[in-house]
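Below is one structure; the comments refer to it alone.
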Amino acid sequence: MQIRSAKDLIVYQKAYTLAMEVFSVSKSFPKEERYSLTDQMRRSSRSVCANLREAWAKRRYEAHFISKLTDADGEKAEPDTWIDFARSCEYLNTETHQKLTEQSVEVGKMPGSMLNNPKPFLLTSEI
């Protein structure tokens, strides 16, 4: 399969799925968490996707591509932190916490392989 956009990347698809699941479970959080935990969980889980899309847009230049991938790689741990807080506050049950954590860890491993081998993703100028 040819990758035509960032949306075709498995890491993007898995990160998007995680972000949507975080959105779904956070709907039941208390209203007093709306502008703190709920907002942080949602924004951080969406950040990996956003950074992957930015990296994809900058893949003409390896240094720019790697820079944005590095941002995605750095953002990957934040959702896991907020998921832990949600569990500790008893907003998530153990099963949901475990599922989201496993997804977060899986997504977290993926940008590293792109960083280690960016060449297949770069645009090349054919003269």
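Per the Debye formula on identical point scatterers at the alpha carbon atoms of segment 11-127, with no solvent, log10 I(q)/I(0) at q = 0.19, 0.20 Å⁻¹ is -0.90, -0.97. Summing Cβ point charges (Lys, Arg +1; Asp, Glu -1) relative to the Cα centre of the chain gives a dipole of roughly 500 debye. Compare the Cα positions of 104, 93, 56 along the charge dipole of segment 1-115 (+1 at Cβ of Lys, Arg; -1 at Cβ of Asp, Glu; about the Cα centre) and return the one farthest towards the positive end. Highest projection toward the positive end goes to 56. Run the reach check for residue 31 against lysines, Cα to Cα strictly under 30 Å, same-chain hits fewer than 8 apart removed. What comes back? Answer for residue 31, where 30 Å is the Cα cut-off: 14, 76, 99, listed by chain and number.
Each value in this text was obtained by applying a stated rule to the coordinates, not by laboratory testing. On a predicted model such as this, the values are computed, not experimentally measured, just so you know. No Cβ is skipped: glycine too gets one built from the backbone with ideal geometry, and neighbour counts run over all protein chains shown.
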